[in-house]
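One structure below.
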Amino acid sequence: MPDSVDQLAARLLSSSAKNSYDPELDIDWAAPVDDFPDAPFLPFEHVSLYGTALWDGLSHRQRIELSKHELASVASTGLWFEIVLMHLLARYAYDEDPQAPSTQYALTEIGDETRHVIMFAHAVARMGVPTYRPARLIHNLARVYKATARGTAMFAPILLAEEITDRLQRLTMNDESIHPLVRMVNRIHVVEEARHVRFARAEVAARAGRSGPLVRLLSNTVAAVVGAVIADALIHPDVYVAVGLDPRTARRAARENPHHQRSRRFLAARIMSFLAEQGMVRGPARVIYRRAHLI
Ligand SMILES: [Fe+2]
Ligand SMILES: [Fe+2]
């Protein structure tokens, strides 16, 4: 591992020791969730149907309900990807020297993600929403991805998933109009994710551009496909059933919704400009990111 990554990892390890959370104890899980009937779970402008004719047809109560299911879907898909990430990081640690700070940080990150997965699962359960799972095919393809991905093909999609959700969580954690349970969970997640993002960015920066053109093309394309699949899986079509809409029709309306496309580009803007600086948004990757409305 390059020295620059190890130096950063050493700093991240000491910051993790000083500033980490145990959501089991740090969140008041007994606090009543139903006491805030008028608080949305996501800002309305980031709900997938916002601005469409279907949205106009929903009552205020249904809009809040849809925001709850979309947030729960993002949390469920997010925790699914955190489990994928744990496997990737465990494989990374398997190959590296356990005495190296970078290996120890990867192991620390697995610990963080273990707590996050349980925290998100608790939060979704408190909202009274079932776990939304990605489609069976994606679930099974991810099996192959997490068993084989390495280098930038491993770290770039991690970054994309982490930075998109991070931007959404930063937006809501201090917004008093958003449901307090969501703000509490987001505040904890943002602190620990900030370290994960720095580590993954350092890894991408250290590795991008080092391999030959063919491997680079392949890694960039795999990273883009995985990134687009995750971005697409964040909102499960069944969320629309919760407000009495046909999932196929509503999903199509969301995909074609310029507000939703703008929201996606906004949430991905920072990470996409970083990946572009690393030369990872070219050729087929660029087409894939554009079609996924990430650029
Ligand atoms: Fe996390
Ligand atoms: Fe993370």
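Since every read-out is calculated from the coordinates, none of them should be taken as a lab result. Since the structure is predicted, the reported quantities are computational estimates derived from the model, not experimental observations. Neighbour counts run over all protein chains shown; Cβ positions are idealised from the backbone, glycine included.
Here are some notes:
- By the beta-carbon count within 10 Å of each Cβ, the least crowded to most crowded order of Leu79, Leu89, fewest first, is Leu79, Leu89.
- Dimensions in Å of the stretch 1-154 - Rg and Dmax from alpha carbons: 19.3, 59
- Helix 151-173 axis, angle to the chain major axis (alpha carbon atoms, nearest 10°): 40 degrees
- Translational D in µm²/s for the chain (Stokes-Einstein at 25 °C, 0.890 mPa s, Kirkwood Rh from C-alpha pairs): 125 µm²/s
- In a DSSP loop and with at most 10 other Cβ atoms within 10 Å, there are no trypsin sites (Lys or Arg not before Pro) in the stretch 31-68.
- Of the Cα atoms belonging to the stretch 1-79, the radius of gyration and Dmax stand at 19.6, 57 Å.
- Full extension of the chain between Arg262 and Asp175 yields a length gain of 29.3 nm, computed as 0.36 nm times the residue separation minus the alpha carbon distance.
- Unit charges at the beta carbon, dipole of the stretch 206-295: most positive-side option, Gly227, Pro213, Ala292: Pro213
- Each other residue within a Cβ distance under 9 Å of Pro101 adds +1 if Lys or Arg and -1 if Asp or Glu, for a net charge of 0.
- Distance between the stretch 190-225 and the stretch 162-185 - C-alpha centres, whole angstrom: 25 Å
- Applied to the stretch 209-221, the Karplus parametrisation 6.51 cos²θ - 1.76 cosθ + 1.60 on θ = phi - 60° returns per-residue 3J(HN,Hα) values of x, 8, 8, x, x, 6, 5, 5, 4, 5, 4, 4, 5 Hz, with x for Gly and Pro.
- Computed magnitude of the charge dipole of the stretch 103-254 (debye, nearest 20; Cβ of K, R +1, Cβ of D, E -1): 420 debye
- Dividing the mean sequence gap of close Cα pairs (under 8 Å, 6+ apart) by how many residues the stretch 60-199 holds gives a relative contact order of 27 percent.
- The stretch 142-295 shape via C-alpha gyration tensor axes, a/c threshold 1.5: oblate
- Tensor-based shape of the stretch 140-221 (alpha-carbon gyration tensor, a/c under 1.5 rounded, otherwise prolate or oblate): prolate
- Of Arg210, Arg264, Arg198, the one that fluctuates the most in a GNM where the chain has Cα springs shorter than 10 Å: Arg210
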